[in-house]
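The values are calculated or read from the model by the stated rules, or taken from the named source; none is laboratory data. Quick caveat: nothing in here was measured; it's all calculated off a predicted structure. Cβ sites come from the backbone with ideal geometry, for glycine too, and all protein chains shown count toward neighbours. In case anyone asks, the SASA skips ligands and DNA or RNA and just uses the protein heavy atoms, side chains included. Shrake-Rupley method; radii C 1.70, N 1.55, O 1.52, S 1.80 Å.
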Amino acid sequence: NHDTGQFYEQLVAGDLDKSVRKGGKHPFVADAYLATEAQRGELAEKWELVEKPLSVVFTLRKGIMFPEKPGVMASRELTAEDVAYAFNRLRSSPKHIGGYYDFVGDVVARDKYTVVFNLKEYNAEWDYRLAWGFYTTITPKEVVDAGPNNWKNVNGTGPFMLTDFVAGNSNTYTKNPIYWDKEKLGGQEYKLPFVDKLVYRTIKDEATQLAAIRTAKLDLLETINARYVPELKKSAPQLQFARRLSILGSFMAFRTDTKPFDDVRVRRAINMAVNKKEIIEAHYTGEAEMHAYPMYPDWDGYYDSLDKMPASVKELYTYNPKKAKELLKEAGYPNGFTFKMQFCSCSADHVDLAPLIAAYLEQVGIKVELKPTEYGAFLSAMTTRKHEAGYLMNSSHTNPTTSIRKSFITGQTWNPSMYSDPKFDAKMDEVYKTRDEAKRKQLLREMTVEIMDAAPYLWLPTPYIYAAWWPWVKNYGGEMSVGSIRPGP
């Protein structure tokens, strides 16, 4: 998404004119959430949900061109056939998420500029899944025929073209001279993009990232751990900063299909045995929110703060080792037990956090064997269901419906706790079929309370993160995404 969002476009994108920087109410930092009023047409000029027959009709902008790509394609106009092709290619992929597109019947190019998605049933995520979500880029057939995995073949209608790629080092983008969009400044329209060249650096080491922004080798660094900000402000006082709450929820998933984690008392005991207030103060230098997952505070009407939660949920955030021991005894583990906790060696945060959690649990008689794993093996352990009984991870909030669906619904890939409850699954189905957003918000708030109470996770604090940039970077206020983890355009 980071890499392709500059050259592959989507039907719909976030409207930065509605951003906080421009006097609006949308910070555009959430990874995959665009409120309806914060959307603008990108490739689509307009779109509507039609009742009879149930369908979504997108009208494309006229005159949007693919630039020429020697050996791949001649310059030509984008048409409705391109949209239908891109969607059908995705839907027929053996890798697509099970059930993800089941609500769609067929996709038809009604004419050159009109594409119709005929729906079998209503789905509350139709705009996210069809227009601006993780898998909605419009990739032309010529690129697929040439080999879309080779960076030299990629070509889209976006503001930039990928002109160099060095694995593990950099992506270089060059201005698309025939890009369609314009920007209005002082009543005058100007052709975009203003920037001739854009370089994304891949810098794996945190200290090197900080040195690069401090010495202006980078113009902008999107993600900085809060603990390094005071020193950066001292050593580079001209830097400008934006603070945001991380879009990654942090937790340890308990395998609920494995003893002793099949017992809710054990799961609740572990939550009470970990001093989350101390973690915020000591580990996150005070820069974290106690409760900001699975719902994200920016999601208006979907999120309830901790003070609005029932006592049974608040209890999970209150350090109480005495009650934790009582619950363990009640569950048949008066002397505790031993389990393995797997975490990713790629996360500096979790490398420090894992032993801290283990130390808290030792106080109530639970012994934790730490198992650091590199990212590839860490991820495949979960996707193949071979992960350990304790699995410390980050997961993106995504959006209000997906956050619950992907994490807690039976059989979903990103359900590391293996949580399964047919009644809960049925409620999720109801959410997707509910058209009234106010009603949907209410249902999701209720489901959030229910899942937090069931404690399939050790709920951990969500840290604040900073972005920093030099004063010559204009028209930026810390925005991160205009789609699904899509910082381009």
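If only residues of the range 423-451 that are free of Cβ contacts under 8 Å to residues at least 40 places away in the same chain and among the basic types (Lys, Arg) are counted, the one that is most open to solvent (accessible area, probe 1.4 Å) is 423.
If you scan the range 127-145, which residues turn out to be part of a loop (DSSP other than H, G, I, E, B) and either under 22 Å from the mean Cα position of the chain (by Cα) or more than 24 Å from residue 487 (Cβ to Cβ) (or both)? Please lay out each step first, then the result.
If we filter the range 127-145 for residues that are part of a loop (DSSP other than H, G, I, E, B), which is where we start, we get 133-140.
Across the range 127-145, the qualifying residues are 133, 134, 135, 136, 137, 138, 139.
When we screen 383, 373, 401, 413 for residues that are of a type in the set (Ser, Thr, Tyr), in contact with a strand residue (DSSP E or B) (Cβ under 8 Å, 6 or more places away or on another chain), open to solvent by 10 Å² or more (accessible area, probe 1.4 Å) and in contact (Cβ under 8 Å) with a residue 24 or more places away in the chain, the only hit is 373.
Give me a count of the residues in the range 286-335 that are at pLDDT 95 or above, within 27 Å of residue 30 (Cα to Cα) and not aromatic (Phe, Trp, Tyr). Qualifying residue count, the range 286-335: 19.
Within the range 466-489, being crowded, with 23+ Cβ neighbours inside 10 Å and either over 24 Å from residue 38 (Cα atoms) or among the aliphatic types (A, V, I, L, M) (or both) holds for 468, 482. Take the residues in the range 282-305 that are in contact with a strand residue (DSSP E or B) (Cβ under 9 Å, 6 or more places away or on another chain) and of a type in the set (Asp, Glu), then tell me which one is surrounded by the fewest Cβ atoms within 10 Å (Cβ to Cβ). Here the residue is 289. When residue 22 is tested against the conditions (1) closer than 21 Å to residue 129 by Cβ; (2) free of Cβ contacts under 8 Å to residues at least 12 places away in the same chain; (3) basic (Lys, Arg); (4) touching a helix residue (DSSP H, G or I) at 6+ places or on another chain (Cβ under 8 Å), the lone failure is (1).
State yes or no: is residue 216 surrounded by 14 or more Cβ atoms within 10 Å (Cβ to Cβ), at pLDDT 95 or above and small (Gly, Ala, Ser)? Steps first, answer last, please.
Working: surrounded by 14 or more Cβ atoms within 10 Å (Cβ to Cβ): no; at pLDDT 95 or above: yes; small (Gly, Ala, Ser): yes.
Considered against the rule, which asks whether it is surrounded by 14 or more Cβ atoms within 10 Å (Cβ to Cβ), at pLDDT 95 or above and small (Gly, Ala, Ser), residue 216 comes out as no.
Apart from one condition, residue 361 fits all of (1) at pLDDT 95 or above; (2) open to solvent by 60 Å² or more (accessible area, probe 1.4 Å); the exception is (2).
Within the range 430-489, the residues that satisfy the criterion of being β-branched (Val, Ile, Thr), touching a Phe, Trp or Tyr at 6+ places or on another chain (Cβ under 9 Å) and closer than 23 Å to residue 256 by Cβ are 448, 451, 462. List the residue pairs whose Cβ atoms are under 6 Å apart, where the first residue sits in the range 306-333 and is over 28 Å from residue 367 (Cβ atoms), the second is open to solvent by less than 40 Å² (accessible area, probe 1.4 Å), and the two are 6 or more positions apart or on different chains. Within 6 Å, the pairs are 306/291.
Sort out which residues of the range 170-193 are among the acidic types (Asp, Glu) and either within 28 Å of the chain's Cα centre (by Cα) or at pLDDT below 95 (or both), and write them in order of number. Give the derivation first.
Let us first name the residues in the range 170-193 that are among the acidic types (Asp, Glu), namely 181, 183, 189.
Those that are among the acidic types (Asp, Glu) and either within 28 Å of the chain's Cα centre (by Cα) or at pLDDT below 95 (or both): 181, 183.
Note on the range 146-170: among residues that are touching a Ser or Thr at 6+ places or on another chain (Cβ under 8 Å) and in a strand (DSSP E or B), the one that is farthest from residue 66 (Cα to Cα) is 170. Of all residues in the range 227-259, those satisfying the criterion of being surrounded by 18 or more Cβ atoms within 10 Å (Cβ to Cβ) and among the β-branched types (Val, Ile, Thr) are 229, 247, 256. You will find that of 489, 372, the residue that is part of a loop (DSSP other than H, G, I, E, B) and either within 21 Å of the chain's Cα centre (by Cα) or of a type outside the set (Asp, Glu) (or both) is 489 and no other. Step by step: first the residues of the range 335-347, then only those that are in a loop (DSSP other than H, G, I, E, B) and farther than 17 Å from residue 271 by Cα, then the one that is least open to solvent (accessible area, probe 1.4 Å). Which residue is that? Applying the filter and picking the extreme gives 347.
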